[in-house]
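Inspection log for the structure reproduced underneath, given as structure tokens.
The values are calculated or read from the model by the stated rules, or taken from the named source; none is laboratory data. From a predicted model like this one, the values you see are computed outputs, not experimental measurements. Because the Cβ atoms are built from the backbone with ideal geometry, glycine has one as well, and the counts that use them run over all protein chains shown.
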Amino acid sequence: MTITKEDHLYEIMLRLNPDGSVRGAHQANLERLMDGETVISEREMPAVAIDPDDIAGLIGANSAEMIAQVTRLQAERDDAVSALEAAESRIAELTASVDGGSRRIAGAYFRSALIEMELIDTVLGAIADPVKLELFNTATEFNDQDADVKAIAAALDIDLSAVFDAAEAIRAGRG
């Protein structure tokens, strides 16, 4: 068989400006020595600077379409996240009306609110029962009508409404 040399695009490296525009680009090719269908050797060639405007031509139509698809999918994901957050908010509103005005919030937001209000150490110190402490630390949701939540808030003179307001602000701040 005849030994042939193949040289093809292996990688494109981009350097970006803070605004996301392309500042510079390099390409590296892969060189293969072939004996028929058998690869004898393969090596990556040193990267060479290229004009950023030439990238689309190097990548090809398929890759450019994939990049466009990724951009579309990211936008769809963002829309779905927004719709989910709106639905969660609406569920919370409806749940509150069904629960006779009780408020519910995810455990992570509730504990974060206590941290922000510098009350977490006081609350943790007040929970003497190790089982209840573990339940507090791992609770996925807090309800302002829960007997334990109300008892701790009353014993420590904590404004439960303010904690729930802070927790909801944290959730809303996540965007």
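Here is a yes/no grid of residues against (1) at pLDDT below 90; (2) in contact with a helix residue (DSSP H, G or I) (Cβ under 6 Å, 6 or more places away or on another chain):
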{"residue": "Glu31", "(1), (2)": "no, no"}
{"residue": "Val48", "(1), (2)": "no, no"}
{"residue": "Ala56", "(1), (2)": "yes, yes"}
{"residue": "Ile59", "(1), (2)": "yes, no"}
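Scan the range 121-140 and tell me whether some residue there is at pLDDT 85 or above, closer than 30 Å to Ser82 by Cβ and surrounded by fewer than 16 Cβ atoms within 10 Å (Cβ to Cβ). Yes; the residues of the range 121-140 include at least one that is at pLDDT 85 or above, closer than 30 Å to Ser82 by Cβ and surrounded by fewer than 16 Cβ atoms within 10 Å (Cβ to Cβ). Which of the numbered conditions does Glu118 fail, given that it passes all the others? Conditions: (1) assigned to a helix (DSSP H, G or I); (2) at pLDDT 90 or above. The one condition Glu118 does not meet is (1). Within the span defined as the range 46-59, every residue fails to be exposed (fewer than 10 other Cβ atoms within 10 Å of the Cβ), of a type outside the set (S, T, N, Q) and within 31 Å of the chain's Cα centre (by Cα). Annotation note: of Ala153, Ala167, the sole residue that is in contact with a Leu (Cβ under 8 Å, 6 or more places away or on another chain), part of a helix (DSSP H, G or I) and among the small types (Gly, Ala, Ser) is Ala153.
Is it fair to say Ala86 is outside the structural domain of Glu134 (by TED's automatic domain parsing), in a helix (DSSP H, G or I) and modelled with pLDDT under 85? Don't jump to the end; show me each part of the working.
Details: outside the structural domain of Glu134 (by TED's automatic domain parsing): yes; in a helix (DSSP H, G or I): yes; modelled with pLDDT under 85: no.
Against the criterion (outside the structural domain of Glu134 (by TED's automatic domain parsing), in a helix (DSSP H, G or I) and modelled with pLDDT under 85), Ala86 does not qualify.
The set of residues from the range 121-150 being under 17 Å from Ser102 (Cβ atoms) and in a loop (DSSP other than H, G, I, E, B) comprises Ala139, Thr140, Asp144, Gln145, Asp146. The criterion of being among the acidic types (Asp, Glu) and surrounded by fewer than 14 Cβ atoms within 10 Å (Cβ to Cβ) holds for Glu88.
For the range 43-65, the condition of being closer than 30 Å to Arg174 by Cβ, outside the structural domain of Ala169 (by TED's automatic domain parsing) and not aliphatic (A, V, I, L, M) holds for none of the residues.
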